[in-house]
Amino acid sequence: MAILDILEFPDLRLRKKASPVTEFNETLSKTIDDMFETMYEAPGIGLAATQINLHKQLIVIDISDNKDEPLVFINPQIEIIDQTPEEYDEGCLSVPGYYETVARPRMVRVKALDRNGQAFEMETDGLLATCIQHENDHLNGKLFVDYLSSLKRERIRSKLVKAHKESA
């Protein structure tokens, strides 16, 4: 397994829409394993393939305390079940060091394929529902900073650009 590079805001590659996964093979399996290793190492609770510059509809998530409940969502389709907004302080591996309150629908149903191409469906709420929506946004070229005011988003962008220049 390998630790992959994670794209950081404002990298324009994060804005690219992902295409469906069509091949289930050893390459996909290795990518999934590498994504989990990268996410755990970062550390994070979710990672979308877009964040590693792979523009495929692939998400890995593990919100467990012991990092022993890995979830894979391939070609996810999300349906809002309960529109009631629920707020979480969201962070993102592509926006390191920043956490902001974002309100998202409380409950969702997700239909997806697992790592073997088997279809499954899940209804969830709370942190998992938020995480699924957050990671799915990445597949559509959207970041959690897009939910913030333009002033906050620009302040974060400027600080990250400055940090990148200083570390180069």
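Descriptive notes on the structure:
- Residue pairs whose Cβ atoms lie under 8 Å apart, separated by 6 or more positions or on different chains, with the first residue in the stretch 29-52 and among the small types (Gly, Ala, Ser) and the second assigned to a loop (DSSP other than H, G, I, E, B) and open to solvent by 50 Å² or more (accessible area, probe 1.4 Å), are Ser29/Arg115; Gly46/Ile63.
- Count of the stretch 120-168 residues, restricted to those that are part of a helix (DSSP H, G or I) and within 11 Å of the chain's Cα centre (by Cα), is 11.
- Applying the criterion of being in a helix (DSSP H, G or I) and in contact (Cβ under 8 Å) with a residue 40 or more places away in the chain to the residues of the stretch 1-28, the residue that is surrounded by the most Cβ atoms within 10 Å (Cβ to Cβ) is Leu14.
- For the stretch 139-150, the criterion of being closer than 25 Å to Phe24 by Cα and open to solvent by less than 20 Å² (accessible area, probe 1.4 Å) is satisfied by at least one residue.
- Restricting attention to the stretch 61-82 and to residues that are over 17 Å from Gly126 (Cα atoms) and in contact (Cβ under 8 Å) with a residue 60 or more places away in the chain, the residue that is least open to solvent (accessible area, probe 1.4 Å) turns out to be Phe73.
- Selection status of Asn66, farther than 19 Å from Glu90 by Cα, part of a loop (DSSP other than H, G, I, E, B) and polar (S, T, N, Q): yes
The values are calculated or read from the model by the stated rules, or taken from the named source; none is laboratory data. A quick note: this is a predicted structure, and the numbers were derived from the prediction, not measured. Counting neighbours? That spans all protein chains shown, and the Cβs are built from the backbone with ideal geometry, glycine included. Ligands, DNA and RNA are excluded from the accessible area calculation, which covers all protein heavy atoms including side chains. Shrake-Rupley method; radii C 1.70, N 1.55, O 1.52, S 1.80 Å.
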